[in-house]
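Notes to accompany the following structure.
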Amino acid sequence: MMLKLFKENIRIAFGSIRTQLLRTVLTVLIIAIGITALVSILTVVSALENTISSDFASMGANTFNINQYENTTRNRGGGEREIINPIISYPEAVAFKNKYKYPFTETSLSFTATSIAEVKYESSKTDPENTVVGVDEFFITNSGLETSAGRNFTRFDIDNNAYVCIVGSDFEKGLLKDVNPIDKLISIRGAKFKVIGVLKEKGSTFGNSQDLRILIPIQLARSMFTAPSINYTVSVMVSKKELLDEAIDNATSTMRRVRKLSPIKGNNFGVVRSDDLINRILGITKYLGLASWLIGIITVLGSSIALMNIMIVSVTERTREIGVRKALGAKKTTIAFQFFIETLLIGQLGGLVGIIFGILIGFGIATAMSFAFVIPWSAIMAAFITSFMVAIASGLYPAIKAAMLDPIEALRYE
């Protein structure tokens, strides 16, 4: 009996929606705008988080870098003074590597030699947009990189300054297209390097391609690119994750000894864990999510007011119809339920339209910004719940108003 009554109310609700089609469409669009704003922003935030996690997760949670802190501020006597830490020079990086002997660790040294290199192969050449990185034999492992073809550097390659290189995956699509890149000779600044490996594709982050890199032995890079004040990166991988905290403490004290810091002085360098970096960036994206909720709530509030207004007008226009139904024996709960179902249908239609448009817009933005798109199930669920709550909040008063109408007065209504 209840199921039959429920179906009848849905049939009546659809009939009422069809008779007021223009009003219904406008109401659905008003609701859809709020849901679209919410879903599209949450979709982009989810894509951004997925991209960041994918880019940094390969580094593993057991890696840390020793970097230079730049432009940090600290309080001094109530005021603030800008402190710029010194760069990590090559002698300091080598001294750290020689002194740091913590168990189950491997230390890698690297630096970016240039980001505007032109690379030649036979009669072809690339645009000056390639990044040359000077590395040692542990760089690829510590950075979470892998080769899709060829091999990694060996200790012999690094110690003997062999003219060998490992290239990014974009070279297989461009300069070295249609040939097997392994053992081919490419030219960088007039020096010929033999390709011994190709890195697996990494894609781009924030518009910067990571597949246009060329890795060469660090000493060769130092001799070819002699820019002043080169800042080196020291990367340490701990094979046993439970030793990570102790390894970081040991590395901190080792770097302090390298820089001859007195016990009363603070560190003038930074130790950055790979998982800390991920968490910091993901922490920023939470604010974007909160902003999307704020925008969504404001627009959805307007939608709920519009929907409530539409339903109140609908109750007023159908006063005589309500009087007839009550005269025929319809209960207050039946009348209220009928209008409530109608409001829920309109709210869910608006939510569905908003979800579709929100995902499409979010997908477009994520694709344009080279983010790794994922289906935002949390955003879809949030939109569904939001539209449901809007319908309940907006439909409750009109439904009660319809149920409380006096049947005699309603029949007299013109």
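Report whether or not LEU405 is crowded, with 17+ Cβ neighbours inside 10 Å and assigned to a loop (DSSP other than H, G, I, E, B). Show your work before the answer.
Details: crowded, with 17+ Cβ neighbours inside 10 Å: yes; assigned to a loop (DSSP other than H, G, I, E, B): yes.
Yes; evaluated as a whole, the condition is true for this residue.
Does segment 82-116 hold any residues that are closer than 22 Å to GLN219 by Cα, touching a Leu at 6+ places or on another chain (Cβ under 9 Å) and surrounded by 18 or more Cβ atoms within 10 Å (Cβ to Cβ), and which are they? The answer is ALA93, PHE96, LYS97, SER110.
Taking THR73, is it at pLDDT below 80, within 30 Å of PHE339 (Cβ to Cβ) and not small (Gly, Ala, Ser)?
Values: at pLDDT below 80: yes; within 30 Å of PHE339 (Cβ to Cβ): no; not small (Gly, Ala, Ser): yes.
Spelling it out, it is not the case that THR73 is at pLDDT below 80, within 30 Å of PHE339 (Cβ to Cβ) and not small (Gly, Ala, Ser).
If I go through segment 130-144 residue by residue, how many of them are modelled with pLDDT under 85 and within 17 Å of ILE216 (Cβ to Cβ)?
Residues of segment 130-144 modelled with pLDDT under 85: 143-144.
Among the residues that remain, those that are also within 17 Å of ILE216 (Cβ to Cβ) are: 143.
Residues that pass the stated criteria total 1.
For segment 231-258, a residue qualifies if it is surrounded by fewer than 16 Cβ atoms within 10 Å (Cβ to Cβ) and closer than 14 Å to SER108 by Cβ, and exactly one does: SER239.
Among strands (runs of 3 or more DSSP E) entirely within segment 141-220, having at least 1 residues that are open to solvent by 50 Å² or more (accessible area, probe 1.4 Å) singles out 147-150, 185-188, 191-199. In this structure, ILE400 qualifies as open to solvent by 70 Å² or more (accessible area, probe 1.4 Å) and more than 39 Å from the chain's Cα centre (by Cα). For segment 329-374, a residue qualifies if it is of a type in the set (A, V, I, L, M) and not in a helix (DSSP H, G or I), and the qualifying residues are ALA330, MET369, ALA372, VAL374. Summed over segment 359-397, the residues that are touching a Phe, Trp or Tyr at 6+ places or on another chain (Cβ under 7 Å), at pLDDT 75 or above and open to solvent by less than 40 Å² (accessible area, probe 1.4 Å) give a count of 1.
Taking every residue in segment 135-161 that is among the hydrophobic types (A, V, I, L, M, F, W, C) and pairing it with any residue that is open to solvent by 60 Å² or more (accessible area, probe 1.4 Å), at least 6 positions away or on another chain, the pairs with Cβ-Cβ distances below 9 Å are PHE138/GLU106; ILE140/GLU146; LEU145/LYS200; ALA149/GLU172; ALA149/ASN180; ILE158/GLN219.
Here is a yes/no grid of residues against (1) over 30 Å from SER187 (Cα atoms); (2) modelled with pLDDT of 75 or more; (3) assigned to a helix (DSSP H, G or I):
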| residue | (1), (2), (3) |
| --- | --- |
| ARG222 | no, yes, yes |
| SER235 | no, yes, no |
| ALA247 | yes, yes, yes |
| LYS265 | yes, yes, no |
| MET311 | yes, no, yes |
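The values are calculated or read from the model by the stated rules, or taken from the named source; none is laboratory data. This structure is a prediction, so every number in the text was calculated from the model and none was measured. All Cβ positions, even for glycine, are placed from backbone atoms using ideal geometry, and neighbour counts span all protein chains on display. In case anyone asks, the SASA skips ligands and DNA or RNA and just uses the protein heavy atoms, side chains included. Shrake-Rupley method; radii C 1.70, N 1.55, O 1.52, S 1.80 Å.
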